[in-house]
Amino acid sequence: MGEKHLLKLSGKWIAALIVLALGVTGFSIFLALRPPTSESNQSSSADSTPPPPSTGNDKITALGRLEPGGEVFCVSPPSSAGFSSVIRRWLVKEGDRVKQNQVIAVMDTYDRLYAAGLEAEARVREAQTRLAQVRVGEAKQGDVNAQQAAIQARQAQIGVKEAEINRWAAEVEIAKRDYQRYESLYKSGAISLSDLDQRRLALATASETLKQAQKELEQSVREFQQSQQVRSGLVEVRPVDLQQAEAQVQVELANLQKAKADMETAAVRSPINGQVLKVYAKEGEQAGSAQSAGGSSSQSCSGIAELGRTDQMYAVAEVAEGDVGRVRVGQQATVTSTSPVNPPFTGTLVGTVEQVGLQIRKNDVLNTDPVQDTDTRVVEVKVRLSDSQPVAKLTNLKVLVNIEP
């Protein structure tokens, strides 16, 4: 009886030992078959873990880009119906400094619109001259009396000339009869040839004097008629004529302003004092032709050129939404290049936070690290650089921005 109970207890211990041995063996096999973990994989796993929330004493680090003050200006010619967008001539090139309102390019309609402007100016001068002529009619009565006296003087002069003509016509008639009589006497041998020549000269002199008197009379008549026309203008000018002339001047001035405005559509002016960053259309090309022809997909400007105030550069940092609450205007920041090899600029640039954005959006500056989040919600923070010269030619360069707490 005792031996049977002992055997039953020994069987239970043996079963328990067998189960324990099988468990240890299975665990050993699992460890043997598990793939080894390398140090580099462990490191990547650690890096991919989101960093703990930053404290108030930590720097705020963010990727960003460089841009000119006031951002980049996309310059375009007028695109409305009737306006050309084909460039005739560039007056600047990439890298040139320009002033506000400076003409940087002219379109192919410039010559035609310039000629129309000159024509409008000529019409204004013509209308103004006509108005001045009409205003002469507002002369004082003394001017009218003086003109009337001139008419009377010329009328008397005509009477004198007519009397002279009548007298010299009689003289010509007398000289002609004398010449005819002396010619008969000469043929009969009663007088000499010299006597006949004297009568011929007298006839010629009288005839020439008569012709001169007739010309003077014609001139006096013309002057008399002109004086009458001037007097008529002085007396007959009506207020309606003056109003019409003044209105015509206003119409021509309005046409001139329109011609000048049309001519402005053929001249592309710089909106700022700055620098030409990029020219997108060549002479003879249409605005936006670089995009329509399959140009660079990074081109966001649909105009003909991009301009910027590169004398003052900014770093636009894309600060994560969780850190933007610690950013304040006036905080100091440093900017460095993200390129470890052959960086576009060397050293560290110093700046001051000037503006904190009001809108949260997705980030534009992407991190090249494949384990980093590429869809981060950020706020743009503008840092005004103390020294812009080293990066004046590096618009849109990706940089690393550290904002001091």
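We did not get these values from a lab; they are worked out from the coordinates using the rules stated. Just so we're clear, the structure is a prediction, and the values are computed from it rather than from any experiment. Note that each Cβ is placed from the backbone with ideal geometry, even for glycine, and that neighbours are counted across all protein chains shown.
Observations on the model:
- Estimated FRET transfer efficiency (Gln250, Ser76; beta-carbon r; R0 35 Å; 0.05): 0.55
- Sequence-distant residues sharing a close amide H with Asp108 (under 5 Å, placed H): Val86, Arg88
- Converting phi to 3J(HN,Hα) with the Karplus coefficients 6.51, -1.76 and 1.60 and the offset θ = phi - 60°, region 332-348 yields 7, 8, 10, 10, 9, 6, 8, 8, x, 10, 6, x, x, 9, 9, x, 10 Hz in sequence order, with x at every glycine or proline.
- For Gln312, residues with placed amide H under 5 Å, excluding near neighbours: Gly69
- Over region 133-248, volume per residue of the alpha carbon convex hull, in Å³: 107
- Computed 3J(HN,Hα) for region 66-78, one whole-Hz value per residue from the Karplus formula 6.51 cos²θ - 1.76 cosθ + 1.60 where θ = phi - 60°, is 9, 8, x, x, x, 6, 9, 9, 9, 9, 9, x, x, glycine and proline marked x.
- Amide hydrogen proximity for Ile191: with H placed 1.01 Å from N in the peptide plane, the residues at 5 or more positions away or on another chain lying under 5 Å are Tyr186.
- Positive contributions from Lys and Arg (+1) and negative ones from Asp and Glu (-1), summed over other residues with Cβ under 15 Å from the Cβ of Thr346, come out at 0.
- Counted residue by residue at 0.36 nm each, then reduced by the alpha carbon distance between them, the extension gain from Arg269 to Ala169 reaches 28.1 nm.
- Ordering of 300-308, 103-111, 127-135 by packing [mean C-beta count within 10 Å, highest first]: 300-308, 103-111, 127-135
- Neighbours of Ala150 by Cβ distance under 14 Å: Lys/Arg scored +1, Asp/Glu scored -1, total +1.
- Residue by residue, region 98-107 carries 3J(HN,Hα) couplings of 10, 10, 4, 6, 6, 6, 9, 7, 10, 8 Hz when phi is fed to the Karplus relation 6.51 cos²θ - 1.76 cosθ + 1.60 (θ = phi - 60°); x denotes Gly or Pro.
- Extension gain (nm, one decimal) between Leu193 and Asp241, 0.36 nm per residue minus Cα-Cα: 10.2 nm
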